[in-house]
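The values are calculated or read from the model by the stated rules, or taken from the named source; none is laboratory data. Since the model is a prediction, treat every value here as computed from it, not as a measurement. When we count neighbours, we look across all protein chains shown, and the Cβ atoms used for this are built from the backbone with ideal geometry, even at glycine.
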Amino acid sequence: MILYRGYGSLENRTGPRRRSPAASHNEIIAETVGTNMKKVSIYRYYQFGYNYRGLRFQTPDITNEKYFESILEYVEFINELDLRVTKETLKMKGIIDDLHKLEKLSKGYKKKKETVDEDLLDKISEKINNADITLDAELNIRQAFILEEKRFSNETLTDTVEKIFSKNCFNKLPDVARYDFEEGCKCLAFDRYTAAAFHYLRGTEDVIKLFYEKLTKNIANDKQTWYNFIDEINKESKANKIKPKPSEELMTNLDLLRKFYRNKTQHPHLIYSSDDSQDLLTHCVRCINQIIADLTKRKLI
């Protein structure tokens with residue numbers, strides 16, 4: 001999105017990017033912007049700084065097309081990081097009108113290959129240079145966090161949680177379970193280990209609820225919990241109402257999760273370290289993979 005929403009046809013333009021092929025492999029930082037968190041490649045800052053220097057000391061032989069692309073990249077970066085004071089500074093100096101002029105000049109085949117009018121170049125350069133101290137001040141108060149790699153990559157934890165589960169498993173989970181594992185893995189990525197454990201166990205309980213409903217053909221009520229689901233499945237299995245019976249290993253592991261982790265995490269008994277949280281994630285995922293495999297084999301999902 002362009003710097004200002006009112007800027008006509010440029011509002012949704014993404015503009016060209018001069019990126020290194022290795023850019024996507026750089027470390028990811030989380031930049032705090034308001035109450036939301038944005039994921040930005042460290043290379044993005046390097047790229048902007050390199051191009052920004054060229055923009056500030058632009059030679060007069062640049063074409064209308066290339067200069068428009070450079071200015072567009074500049075304002076997009078400022079918008080991307082929500083640098084509000086810098087935005088308002090440029091807006092007050094009339095950068096929008098300059099962008100309109102450059103956009104028109106960059107369209108025609110002949111005009112876009114012509115060099116930029118010297119007066120226009122000087123005028124825009126002066127505005128950018130005058131806003132430089134404001135840009136420096138705003139960038140100086142931004143904070144970033146470099147994520148330490150866990151057993152699963154940060155990309156997996158923040159963007160592709162489904163890779164942690166068996167193939168086609170994650171998409172078969174209930175909505176709440178998917179939400180909780182996505183949130184839990186983000187908490188793990190950002191070193192909020194006990195918070196991550198809360199989410200894993202909430203998500204696991206939601207899958208156990210699905211297991212209970214599919215096997216017993218009952219609809220769970222709001223008063224039933226992890227213990228009730230496991231207890232009812234075991235009772236119906238013993239009464240031969242569920243055939244074949246669920247794996248003894250699975251049912252034992254689910255009850256151990258409840259007894260030693262779910263209850264102690266819900267109440268203020270456990271504080272998790274990085275390894276504790278990752279061990280629990282692996283345990284929960286293993287049980288869920290087995291539940292989904294069981295229900296799939298029974299053709300219940």
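Remark: ILE96 matches the filter, which requires a residue to be assigned to a helix (DSSP H, G or I), over 30 Å from GLU155 (Cα atoms), aliphatic (A, V, I, L, M) and modelled with pLDDT under 90. Looking across region 272-298, the residues that are buried (at least 21 other Cβ atoms within 10 Å of the Cβ) and within 13 Å of PHE170 (Cβ to Cβ) come down to CYS284, ILE288, ILE291, ILE292. When GLN278 is tested against (1) among the polar types (S, T, N, Q); (2) in a helix (DSSP H, G or I); (3) more than 23 Å from ASP191 (Cα to Cα), exactly one condition is not met: (3).
Which one of GLU205, GLU213, GLU162, GLU232 is under 30 Å from ALA144 (Cα atoms) and either among the acidic types (Asp, Glu) or crowded, with 17+ Cβ neighbours inside 10 Å (or both)? Even if it seems obvious, please write down each step before you answer.
Values: GLU205 fails: under 30 Å from ALA144 (Cα atoms); GLU213 fails: under 30 Å from ALA144 (Cα atoms); GLU232 fails: under 30 Å from ALA144 (Cα atoms).
Residue meeting the stated conditions: GLU162.
Of these, ILE242, ILE233, ILE219, ILE292, which one is of a type in the set (A, V, I, L, M) and either in contact (Cβ under 8 Å) with a residue 40 or more places away in the chain or not assigned by TED's automatic domain parsing to the domain that holds PRO174 (or both)? Write out each step before concluding.
Values: ILE242 fails: either in contact (Cβ under 8 Å) with a residue 40 or more places away in the chain or not assigned by TED's automatic domain parsing to the domain that holds PRO174 (or both); ILE233 fails: either in contact (Cβ under 8 Å) with a residue 40 or more places away in the chain or not assigned by TED's automatic domain parsing to the domain that holds PRO174 (or both); ILE219 fails: either in contact (Cβ under 8 Å) with a residue 40 or more places away in the chain or not assigned by TED's automatic domain parsing to the domain that holds PRO174 (or both).
Checking each option against the conditions leaves just ILE292.
Assessment of region 183-206 against the conditions (among the hydrophobic types (A, V, I, L, M, F, W, C), under 30 Å from GLU232 (Cβ atoms), outside the structural domain of LEU55 (by TED's automatic domain parsing) and touching an Asp or Glu at 6+ places or on another chain (Cβ under 7 Å)) yields no matching residue. Looking across region 52-82, the residues that are in contact with a helix residue (DSSP H, G or I) (Cβ under 7 Å, 6 or more places away or on another chain) and over 20 Å from LYS93 (Cβ atoms) come down to PRO60, THR63, ASN64, GLU65.
Condition check ((1) at pLDDT 95 or above; (2) in a helix (DSSP H, G or I)) across all residues:
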position	(1), (2)
PHE198	yes, yes
GLU205	yes, yes
PHE211	yes, yes
LYS235	yes, yes
GLU249	yes, yes
THR252	yes, yes
ASN263	no, yes
LEU270	no, no
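On the basis of being part of a helix (DSSP H, G or I) and over 18 Å from LYS38 (Cβ atoms), does ASP191 make the cut? So ASP191 fails the test. The selection criterion, being at negative phi, touching a residue at least 40 places away in the same chain (Cβ under 8 Å) and assigned by TED's automatic domain parsing to the domain that holds ILE291, holds for THR158. Listed by first and then second residue, the pairs with beta-carbon distance under 8 Å, at least 6 apart or on different chains, first residue in region 43-62 and among the small types (Gly, Ala, Ser), second at pLDDT 85 or above, are GLY54/SER70. Condition check for SER125 on (1) in contact (Cβ under 8 Å) with a residue 40 or more places away in the chain; (2) assigned to a helix (DSSP H, G or I); (3) more than 36 Å from the chain's Cα centre (by Cα): one failure, at (3). Among the residues of region 138-156, those identified as part of a helix (DSSP H, G or I) and either in contact with a helix residue (DSSP H, G or I) (Cβ under 7 Å, 6 or more places away or on another chain) or of a type in the set (Phe, Trp, Tyr) (or both) are GLU138, ASN154, THR156.
Of all residue pairs spaced 6 or more apart or on separate chains, those with beta-carbon atoms under 9 Å, a first member in region 161-175 that is touching a residue at least 24 places away in the same chain (Cβ under 8 Å) and a second member that is of a type in the set (Lys, Arg) and surrounded by 14 or more Cβ atoms within 10 Å (Cβ to Cβ) are VAL161/ARG178; VAL161/LYS186; PRO174/LYS209.
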